[in-house]
Amino acid sequence: MSTNGNGNGKVTLRDMHRIISEKNIRYVDIKFTDLLGSLQHITLPIEAFEEKMFIHGIGFDGSSIRGFQHIHESDMLIRPDLETMFIDPFMDDPTLSFLSNIKDPMTQQIYSRDTRAIAQRAEKFIEANGIADKAFYGPELEFFIFDEIRYDQQVNKGFFLIDSIEGSWNTGRKEKPNLGYKTRAKGGYFPSPPVDSYQNLRSKMVTVLRAIGVEAELHHHEAASGGQSEIGIRFNTLVNMADMALKYKYVIKNVAKRFNKTVTFMPKPLFGDNGSGMHTHQSLFKGDKNLFFDANDKYNLSAEAKYFIAGLLKHSKEICAITNQWVNSYKRLVPGYEAPVYISWARSNRSTMVRVPMYKPGKEKATRIELRCPDPACNPYLAFSVMLAAGLEGIKNKYSLSEPVEENIFEWDVKKRESAGIETLPDNLFEAVKFMEKSTLVRETLGNHVFEKFIENKHIEWDRYRTFVTNYEIENYLSIL
């Protein structure tokens, strides 16, 4: 059930009490994210929930949350946000859920590592600098639906086995389940049922999303194997959209579980097939005016829009560790699988990192910029914030923008790219973190505490990854070396 809890400021305590009474609410669930964007929660019986918690918060052990406090300074407070209220559709007992901010009990101020607060600060910065009133975001979060993920000692030498009714190994050919071998999509992009096996499942996901106030607008099969899918959601302001991205993931994973399926937002779960991206549409408004539109420009882009694009391009390497924050993210960012790796822009060309959807007369307000490199496994609060910071830096300093590249850059050789001045995104997480470490823009956007803790966490992840012996190495080297 929708409770108008979509961050629009229309929810009141009276609304909350009415819903508690009408729906016989028995529990209150308070959700928040750790540093890397994973959803955490605590649950209270309704009898223990008090209005003062919206001001003072609820105590919890911050030392147990990734990226938060040390054990000797562990006490923290969760403060639910009334405007994010929704009835949790997955709980057996009627449960009212909220997203939250984190407070420091010593100072009573918002915690410096609260990533939602970083997004809130980014929104306030827009208003403070006078360039615009609002930044709108519209991410396209892709995901895979798998029928089975299991640890199989005999079949897969002790590694995880992924199985899908849509995998090439289940189309009648004599192939093993996916053990890291190249696969091909069954049906590909936009097939209709029965080739599209997950139509009903996605429709159920849309129904639940809309019921809790996430405006899902369409859904379809994506190009890869394993039931790769996308559900489109209507654009919204920065913090509201980051909130919705978390609700989106929560709903989709839980609906899939009810159908005995597993959903993953992992950027590249299948070798030899497309990965999952989070193409993010962005625009700036002042009042009702779209600051990115100019009817007299040959591309229908304003000077602000061009500066914004130039900012995204110039700072793309610095923000990449935030928008693509996992080791696996860089398995997707390789040429040949529709993932943008070349730092360039265009209008209709999807091989570039930034795309500007073509203008349609009468649709001035729809003029927007699409950043195509982020993936859906990022922390949306941080990702949207650094995207905005990069774009605004371009406006502030009036960065010049090169001409658009309307050819397929994937078909260019190195010399042609170099002559055109087109650089590439980092090849791996370690390289991305090195760029981030030198970035004043990212440090100022995230604040010192999040900036340093994030980098520390990513160095740990990289060290674990580079010392891990993979199935690929065992299969290819063990018997011959």
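A short reminder: the numbers here are calculations on the coordinates, not readings from a lab. Computed from a prediction, not measured in an experiment: that's the story for all the values here. All Cβ positions, glycine included, derive from the backbone under ideal geometry; neighbour counts span all protein chains shown.
Assorted remarks:
- Charges were assigned to the Cβ only: +1 to each Lys and Arg, -1 to each Asp and Glu. The resulting dipole of the chain about its Cα centre is roughly 660 debye.
- Extension gain, N428 back to D75 (0.36 nm per residue minus Cα-Cα distance, nm): 123.5 nm
- The mean sequence distance of close C-alpha pairs (under 8 Å, at least 6 residues apart), as a share of the length of the chain, puts its relative contact order at 15 percent.
- Shape category assigned to segment 261-414 from the gyration tensor of Cα positions, a/c cut at 1.5: prolate
- Separation of segment 404-431 from segment 308-328 is 15 Å, based on Cα centroids.
- Computed extension gain for E364 through E473, at 0.36 nm per residue and net of the alpha carbon distance, reaches 33.9 nm.
- Highest mean first, the peptides 211-221, 304-314 sorted by other C-beta atoms within 10 Å per residue fall in the order 304-314, 211-221.
- Local charge for R372 was computed over the other residues whose Cβ lies under 12 Å away, with Lys and Arg +1 and Asp and Glu -1, and equals -2.
- Cβ crowding within 10 Å averaged over residues, with 42-55, 287-300, 463-476 ranked highest first: 287-300, 42-55, 463-476
- Using the Cβ-Cβ distance between I46 and E217 with R0 set to 30 Å, the FRET efficiency works out to roughly 0.35.
- CD proxy at 222 nm, helix term only [per DSSP H run n ≥ 4: -39500 (n - 2.57); per residue of the chain; nearest 500]: -9500 deg cm²/dmol
- Taking one quarter of the surface of the C-alpha convex hull of segment 292-332 gives a mean projected area of 3.7 nm².
- Translational D in µm²/s for segment 13-107 (Stokes-Einstein at 10 °C, 1.306 mPa s, Kirkwood Rh from C-alpha pairs): 114
- Prolate/oblate/rounded label for segment 243-327 (Cα gyration tensor, a/c 1.5): prolate
- Rough spin-label spacing in nm, given labels placed 7 Å along Cα→Cβ, for S348 and D133: 3.5
- Normalised contact order of segment 301-419, rounded percent, pairs of Cα under 8 Å and 6 or more residues apart: 37
- Counted over segment 388-475 with a bin width of 5 Å, the fraction of Cα pairs per bin, in whole percents, is 2, 10, 14, 14, 15, 15, 14, 11, 3, 1, 0.
- By definition, a body whose alpha carbon gyration tensor gives a ≥ b ≥ c is rounded when a/c is under 1.5, and the chain falls into this rounded group.
- Computing FRET efficiency as 1/(1 + (r/R0)^6) for F90 and S38, where r is the C-beta to C-beta distance and R0 is 22 Å, gives about 0.80.
- In this structure, the residue pairs whose Cα-Cα separation is over 32 Å, taken from K52/K289; K257/K317; K289/K314; K52/K365; K289/K331; K286/K453, are K52/K289; K257/K317; K52/K365; K289/K331; K286/K453.
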